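Trainee: Structure provided below as structure tokens; questions to follow.
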Amino acid sequence: MSDRPKIAVVIPCYRVREKIVGVVDSVLGVADFVIAVDDCCPEKSGEFLQKSRPDSKLTILFHEVNQGVGGAMVTGFKAALDAGADIVVKMDGDGQMEAKHLPRLIGPLVARKADFTKGNRFYDLRALREMPLVRRIGNFGLTLLSKAASGFWHLSDPTNGYFALRANALRLLNFHLLAPRYFFEISLLIQLNVIRAIAFDVPIPAKYADENSSLSPWRALWTFPSKLAGGLIHRIWWRYFIYDINIVTVFLMTGAILFFGGGAFGAWRWSHNWIYHREQSAGTVALAMLPMILGFQMLLQAVVLDMMDKPDVPVSDVMEAGGGE
């Protein structure tokens, strides 16, 4: 990356006609490229922006079919890389994310301390009180599960959509594995952990006015747990069985065999004795419980080691040393 990195701001547009012009105006002065992606918006936000703010820095892309925020961001990511951006920033078009915080957001990237940064609304208690109660409860509920699924145990506010990442880290991601809709931000964290990117939280408050959230808390309640479980399995498989094999792999395999093997043996013996009206012997109980206890301890140790497993240098620097940029 050069001393003065080129910054691209990607703005997915869907039902933001009333606010998109103000959002674009706020970033034109700080970004080298502004890429607005009209995701088949019924309000025709892209056409409205095209007529209202023609600018050489501004590129407007259109989807013929709605692809969700993830689909819009993948289109924007590709356009930003093609334009030669060094840092890619995602901002929503609803005006909740203020451009005045962008220098703080990209600061660790410019200083080469991280590959990825994202906003965290939970640092500012005054701003947190302004967050609608439903969103506050939903974000807190998702945080712990998202930490386990993504592997970034030090990050909070996982659904925060104000983030920035270096182009070299972006090139390593599998775009087809990013969720197309509401799970996009968490799926991005999972992919970043798989490539061993360094990620930081940056305290940035969000503004809440009269806009309605497109993410229903009930929809998240029913759909996110299964997606988080799938993301966890995907991350563990790629991190500790494909890209690397280490002591975490050993603890996971051995712990799973002991825990589930002991549980299966205990269930089989219990059902067998229940059918034939026999009492369980102390030895049978011990043969089931001891492997389960030992296996649980090994799985718990794997979690601790996973929390401690952090890369030493940003993967973007490694790629740059190898001619990535």
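What follows draws every value from the coordinates through simple rules; no lab data is involved. In this text the structure is predicted, and so the values were computed from the model without any measurement. Heads up, the Cβs are rebuilt from the backbone with ideal geometry, glycines too, and the neighbour counts pull from every protein chain shown.
Trainee: Which order results if E185, E320 are arranged by neighbouring Cβ count within 10 Å, fewest first?
Mentor: So the residues, fewest neighbours to most, are E320, E185.
Trainee: Additional query: With Kirkwood radius over Cα pairs in Å in mind, check (i) 20.7; (ii) 19.8; (iii) 21.7 and report the label derived from this structure.
Mentor: (iii)
Trainee: Under 5 Å between amide hydrogens, which residues at least 5 positions from N120 or on another chain qualify, with H placed 1.01 Å from N in the peptide plane?
Mentor: Correct list: V202, I204.
Trainee: Run through segment 237-325 and list the trypsin sites (Lys or Arg not before Pro) located in a DSSP loop whose Cβ has at most 12 other Cβ atoms within 10 Å.
Mentor: R278
Trainee: In addition: If r is the Cβ-Cβ distance from E18 to R104 and R0 is 30 Å, what FRET efficiency results, to the nearest 0.05?
Mentor: Efficiency, rounded to the nearest 0.05: 0.65.
Trainee: Would you mind calculating the gained length between L299 and L133 on full extension (0.36 nm times residue separation, minus the Cα-Cα distance), in nm to one decimal?
Mentor: Result: 56.2 nm gained on full extension.
Trainee: Same structure again: I want to verify a result. In a Gaussian network model of the chain, Cα cutoff 10 Å, which of these has the top mean-square fluctuation: W237, W274, W153?
Mentor: W274
Trainee: Rounded to the nearest 0.05, what FRET efficiency do Y243 and K44 have when you use their Cβ-Cβ distance and R0 = 56 Å?
Mentor: 0.80
Trainee: What would the Debye formula give as log10 I(q)/I(0) at q = 0.11, 0.20 Å⁻¹ for the alpha-carbon point model of segment 258-325, no solvent?
Mentor: -0.49, -0.82
Trainee: Continuing with the same structure: Could you work out how much longer the chain between Y123 and S271 gets when fully extended? Use 0.36 nm per residue separation minus the Cα distance between them, nm to one decimal.
Mentor: Additional length available on full extension: 48.1 nm.
Trainee: Residue by residue through segment 248-261, what is 3J(HN,Hα) from phi via Karplus (6.51 cos²θ - 1.76 cosθ + 1.60, θ = phi - 60°)? Round to whole Hz and write x for glycine and proline.
Mentor: Coupling constants for segment 248-261: 5, 4, 5, 5, 5, 5, 5, x, 5, 4, 5, 5, 6, x Hz.
Trainee: Return Y276, Y162, Y243 ranked ascending by Cβ neighbour count within 10 Å, so the fewest neighbours appear first.
Mentor: Going from least to most buried by this count: Y276, Y243, Y162.
Trainee: Using amide H atoms built in the peptide plane, which far-off residues or other-chain residues are under 5 Å from V10 H to H?
Mentor: I35, V89, K90, M91
Trainee: Please list, in order along segment 160-166, the HN-Hα scalar couplings obtained from phi with the Karplus expression 6.51 cos²θ - 1.76 cosθ + 1.60 (θ = phi - 60°), rounded to whole Hz, x for Gly and Pro.
Mentor: Listing the rounded values in order: 5, x, 9, 9, 9, 8, 6 Hz.
Trainee: Counting only C-alpha contacts under 8 Å and six or more residues apart, can you give the relative contact order of the chain as a whole percent?
Mentor: About 18 percent, as a whole number.
Trainee: With an 8 Å cut-off on Cα pairs and a minimum separation of 6 or more residues, tell me the relative contact order of segment 245-308 in percent.
Mentor: 53
Trainee: Taking 0.36 nm per intervening residue step and subtracting the Cα-Cα distance, what contour gain separates A111 from L28 on full extension?
Mentor: 27.6 nm
Trainee: Enter the angle in degrees (range 0 to 90, nearest 10) between the Cα long axis of helix 282-308 and the first principal axis of the Cα atoms of the chain, meaning the one along which they spread out most.
Mentor: 20
Trainee: Something else about it: Please report L172, L125, L305 as a ranked list, fewest other C-beta atoms within 10 angstrom at the top and most at the bottom.
Mentor: Neighbour counts put them in this order, fewest first: L125, L305, L172.
Trainee: Step through the residues of segment 93-102 one at a time and calculate ³J(HN,Hα) from phi using the Karplus curve (6.51 cos²θ - 1.76 cosθ + 1.60, θ = phi - 60°), rounding each to whole Hz and writing x for Gly and Pro.
Mentor: With the stated coefficients, segment 93-102 comes to x, 8, x, 6, 9, 9, 5, 5, 8, 4 Hz.
Trainee: Take the Cβ-Cβ distance between L290 and W222 as r, set R0 to 56 Å, and report the resulting FRET efficiency rounded to the nearest 0.05.
Mentor: 0.90
Trainee: Now for a separate question. Obtain the nm distance between the two label points defined at N66 and R278 by a simple spin-label model: each point lies 7 Å from its Cα along the Cα-to-C-beta direction.
Mentor: Using points 7 Å along Cα→Cβ, the separation is 6.1 nm.
Trainee: Reachable lysines from K100, Cα under 24 Å, same-chain residues fewer than 8 places away excluded?
Mentor: Reachable lysines: K6, K19, K57, K90, K113, K118, K207.
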